[in-house]
1. Are any residues in region 62-98 more than 16 Å from Gln128 (Cα to Cα) and in contact with a strand residue (DSSP E or B) (Cβ under 9 Å, 6 or more places away or on another chain), and if so, which ones?
2. In region 98-131, which residues are surrounded by 13 or more Cβ atoms within 10 Å (Cβ to Cβ), without any contact (Cβ under 8 Å) to a residue 40 or more places away in the chain, within 18 Å of Val73 (Cα to Cα) and not charged (D, E, K, R)?
3. Could you tell me whether region 71-79 includes any residue that is surrounded by 10 or more Cβ atoms within 10 Å (Cβ to Cβ), among the hydroxyl-bearing types (Ser, Thr, Tyr) and within 18 Å of Glu124 (Cβ to Cβ)?
4. Considering only region 132-155, state which residues are loosely packed, with under 13 Cβ neighbours inside 10 Å and under 33 Å from the mean Cα position of the chain (by Cα).
5. Just to verify a result, which residue in region 36-64, among those that are closer than 30 Å to Phe100 by Cα and among the aliphatic types (A, V, I, L, M), is surrounded by the most Cβ atoms within 10 Å (Cβ to Cβ)?
6. Is there a residue in region 55-71 that is farther than 17 Å from Lys148 by Cα, basic (Lys, Arg) and more than 16 Å from the chain's Cα centre (by Cα)?
Amino acid sequence: MDIPQGILDFLVYLAPSLLVFLTSWLLVKRFLQRESALKVLELRAGQQKDMMPLRLQAYERLSIYLERISPNVLLLNQYEPGLTVIEFQQKLLETIRGEFEHNYAQQIYISVPLWTIIRNAKEEVARQVNAAASSLDPEAPAYQLSKKIFDSILEKEEFPTQRALNILKSEVGQLF
């Protein structure tokens, strides 16, 4: 089977052109993929640069929250002479919940495990307040509730707010 000379000449001229076309196509494709990857990296770096101040602000606000609900600070800041145990208990719980709700949006800037630890610390402080209040006469003076909570703090080596604050500081340290 003989191939006519015209077709053979055509294939001889077409082969180099096809080889050049395929080589060019592969090089352009590879170049475009690399450029696309670089653009994605630039975009992510820009987002990280914009996100960092927001994340740091969230960590700062949550550290302030943990300090504010720490029993020793909470009791001193919320105590008013003349309150009964039940009134003081309600005031403490309202403060804990109010501060938490005020900082609720900060969870989107921190890790899920840290948010869980902070939420658990809040619940533990509220549980501690309720446990101390339940063991006292509701009409007793508020200072008795303070004393009872302080006594329970002294029994623990590390209170949940302090543990959460230490973990928060550790997570911030990992950012740098």
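1. Matches in region 62-98: Pro81, Gly82, Leu83, Thr84.
2. The answer is Phe100, Ala126.
3. There is no residue in region 71-79 that is surrounded by 10 or more Cβ atoms within 10 Å (Cβ to Cβ), among the hydroxyl-bearing types (Ser, Thr, Tyr) and within 18 Å of Glu124 (Cβ to Cβ).
4. Of everything in region 132-155, those that are loosely packed, with under 13 Cβ neighbours inside 10 Å and under 33 Å from the mean Cα position of the chain (by Cα) turn out to be Asp151, Leu154, Glu155.
5. Step one: of region 36-64, the residues closer than 30 Å to Phe100 by Cα are 47-64.
Narrowing further to those that are among the aliphatic types (A, V, I, L, M): 51-52, 54, 56, 58, 62, 64.
Working: Met51: 11, Met52: 13, Leu54: 12, Leu56: 14, Ala58: 18, Leu62: 22, Ile64: 12.
So the residue we want is Leu62.
6. Filtering region 55-71 for residues farther than 17 Å from Lys148 by Cα gives 55-68.
Within this subset, residues satisfying the condition of being basic (Lys, Arg) are 55, 61, 68.
Add one more test, that the residue is more than 16 Å from the chain's Cα centre (by Cα), and what stays is 68.
Looking through region 55-71, at least one residue is farther than 17 Å from Lys148 by Cα, basic (Lys, Arg) and more than 16 Å from the chain's Cα centre (by Cα).
Since every read-out is calculated from the coordinates, none of them should be taken as a lab result. None of these values were measured; they are calculated from a predicted model. Please note: Cβ atoms are built from the backbone with ideal geometry, for glycine as well, and neighbour counts cover all protein chains shown.
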